[in-house]
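Laboratory data are not the source of any read-out in this text; all were calculated from the coordinates shown. Please read these numbers as outputs of a predicted model, since none were measured by experiment. Positions of Cβ are backbone-derived with ideal geometry, glycine not excepted, and every protein chain shown enters the neighbour counts.
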Amino acid sequence: MTNTVKADIKKEFERASEYVKKTGARVLICSGTGCVANGALDIYDKFLQLGADVKLKGEKHVTAIKTGCHGFCEQGVFVAIPDLKLTYVRVKPEDVAEIIEKTLKNAEVIDRLLFVDPKTNKTIQNPQEIDFYKYQTKKALFNCGQINPENIDEYIAARGYEAIDKVIKEFTPEQVCNEVEQSGLRGRGGGGFPTGKKWNFVRMNKADQKYVICNADEGDPGAFMDCGLMEGDPHRLIEGMIIAAYAVESSLGYIYVRAEYPLAVKRLKIAIQQAEERGFLGDNIFGTDFSFRIKIKEGAGAFVCGEETALIASIEGDRGMPMPKPPFPANEGLFGKPTLINNVETYANITMIILNNAEQYKKYGTGGSPGTKTFSITGEINNSGLIEVPLGTTLKEIVYDIGGGIRNNKKFKAVQIGGPSGGCLTEQHLDLALDYESLKSVGAMVGSGGLVVMNEDTCIVEVARFFLEFTQSESCGKCIPCREGTKQMLHILEKIVAGKAELKDLKLLEELAEVVQLGSLCGLGKTAPNPVLSTLKYFKDEYLAHIVDKRCPAGVCEAFKTIKIDPALCKGCTKCSKVCPVSAISGKIKETFVIDQEKCIKCGACLTSCPFDAIKEEN
């Protein structure tokens, strides 16, 4: 069926710009998943209820806007008023009336709602003066937190859909692929394969049907970059996919998104419908013979479906299990047809390349890793959240300039980069440039971009055990090295943290890691040993302390803790002995009680029952 809507980008831009102009002074309320959980929707409703007829300083009409994530998750809910260069943090619904009366009506700043710089203890009004934002370079995330993701006019007013208009009018499919290849853009989902080269592979394969897939199955613990992009700027993803479809001559696309991202799914569905209504998506786009439609496929939460062949199997209705390669999806992918697969962030970079050209794009990043990269920073860091920096930015700049350093003035210990598939970076890597080549040289990888920061109180062995437990449980079980190898590796790590391992177990752990790496079928298994191998390389002394010295240097592992009664404080009240489930505590009333360490199971019941603080836990 021919699309009766013929999009005219010039008229659409004029109409959208007029709409945005009429919104007047904008109150931007962060409504990403994290802020929604903290009451953002109640804050928005309160603004609608109390501020319907309010004018900024009595002059300019005010409109409350629900946006995507502002990035600084540690400080949500954010309420930003760009006309005043003002951002309030940790706002609650009960603050709204005061913001309206004091700030909107009288331009009075409410100091208690301003961000407090932990270094100077001074409040900061302008968000661009906050270190978390000051040291970033937002490109893919440019619109996030600035526009209403559920209103296509806001995207169009920010030059949205201008890139696909340019492509259709000025480029052949081959020229689009070549422009992307010249930009040096590498896949932002893990391996970093050259994007333009992949597009050309698919384009050159002739078939009656080709497919374009967006891998939005973001499953790494601590990673939420794709989620932030989809929630904050869904049209950017859709436009990138339309350009990709034109380049590889595809008429149907799929966004494979985690069902655990309901807000992202909702906003993507709204964006697809709006794009179809305006003629940017569907049949005969811009009045040409190019047609493209997008369907959403919600994943069931299997981490292995982040692997492209497992993802394809899931879309086809089969169990998500990897297939041997070759053939590669570019040749035989979805339903046996040539298929292009990129992740959310990769598509989000495409419009910038088309609008500003490949050479302009390469001004950011490094020679081998051009452009910017989004990262999520979590863990023991002061400023956690979603960030974007040029590739080649050092780990120190992210941890200390943007991240604000380690919480509670603790010492930096390590960063796990790239999730369960990544590696461990230590203090010696703080000056390391975060790009594909540099990270590969130290046994790590950019991966999806998750950064989990650890301090001196973190047990590295327990971290390795945690990540391996995750990958082992997410293994599809198809190949023996991954299914059985990771299980045996996890068993050894559990023995180490339980204080039951021997030195021969450490040697076996390394041997198993190498076998799993070499013999596994897909990327999940091949990279599952990375956290173990990298921590063994940089923190082998901690493994030896657990095995040889029978102690946990960080004081985390329960097996190495002892619970003792201080005879100087014990009053012989008997409360501890009464709550002990294994009768490990003995003594006479009004005399000092003792704990039998052989019987003690370290449950902690005695710790909480003692009224005299006489029972202590020692490492």
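For the reader, a short list of remarks on this structure follows.
- Estimated distance in nm for a label pair at residue 409 and residue 135, the labels positioned 7 Å out from Cα along Cα-to-Cβ: 2.0 nm
- Gain on full stretching of the segment that runs from residue 510 to residue 427 - 0.36 nm per residue minus C-alpha separation: 27.6 nm
- The chain - share of DSSP beta bridges that are antiparallel (%, nearest 5): 55 percent
- Close amide H partners of residue 381, meaning residues 5 or more places away or on another chain with modelled amide H under 5 Å apart, are 407.
- If the chain linking residue 300 and residue 540 were pulled fully straight, counting 0.36 nm for each residue of separation and taking away their Cα-Cα distance, it would gain 82.7 nm.
- Sparse-neighbour loop sites [trypsin sites (Lys or Arg not before Pro); segment 585-619; at most 12 other C-beta within 10 Å; DSSP]: 588, 590, 599
- The phi torsions of segment 355-367, fed into the Karplus equation with coefficients 6.51, -1.76 and 1.60 and a -60° offset, translate into couplings of 6, 10, 6, 4, 5, 5, 4, 6, 6, 9, x, 10, x Hz, rounded to whole numbers, with Gly and Pro shown as x.
- By definition, a body whose alpha carbon gyration tensor gives a ≥ b ≥ c is oblate when a/c is 1.5 or more and a/b is not larger than b/c, and segment 170-290 fits this oblate description.
- 5 angstrom amide H check on residue 253, placed H, neighbours 5+ away: 212, 293, 294, 295
- Helical mean residue ellipticity (222 nm; -39500 (n - 2.57) per DSSP H run of 4+; nearest 500) of the chain: -10000 deg cm²/dmol
- Residue order, fewest to most surrounding Cβ atoms within 10 angstrom, among 364, 347, 155: 364, 155, 347
- When the square roots of the Cα gyration tensor eigenvalues are ordered a ≥ b ≥ c, the ratio a/c for segment 446-492 is 1.5 or more and a/b does not exceed b/c, which makes its shape oblate.
- Amide H within-cut-off set for residue 365, under 5 Å, with H built and near neighbours excluded: 371, 391
- Annotation: Cα Rg of segment 561-618 relative to the compact-globule expectation 2.2 N^0.38 Å equals 0.95.
- Counting 0.36 nm for each residue step from residue 316 to residue 116 and taking away their Cα separation leaves a gain of 66.9 nm.
- Phi-derived couplings, Karplus 6.51 cos²θ - 1.76 cosθ + 1.60 at θ = phi - 60°, listed residue by residue for segment 414-428: 6, 10, 8, 10, x, x, x, 8, x, x, 9, 10, 10, 4, 5 Hz, with x used for Gly and Pro.
- With the simple spin-label model, which puts each label point 7 Å out from Cα in the Cβ direction, the residue 45 to residue 564 separation comes to 5.6 nm.
- Spin-label pair residue 277/residue 59, simplified geometry with 7 Å Cα→Cβ offset, distance in nm: 3.5 nm
- DSSP beta bridges fully contained in segment 152-361 are about 10 percent antiparallel.
- Among 305, 552, 573, sorting on how many other beta-carbon atoms sit within 10 Å of each Cβ, with the fewest leading, yields 573, 552, 305.
- Cα gyration tensor shape for the chain, rounded if a/c is under 1.5, else prolate or oblate: oblate
- Fraction of antiparallel bridges per DSSP, segment 1-89 only, in percent to nearest 5: 55 percent
- Residues 473, 609 in ascending order of nearby Cβ atoms (within 10 Å, fewest first): 473, 609.
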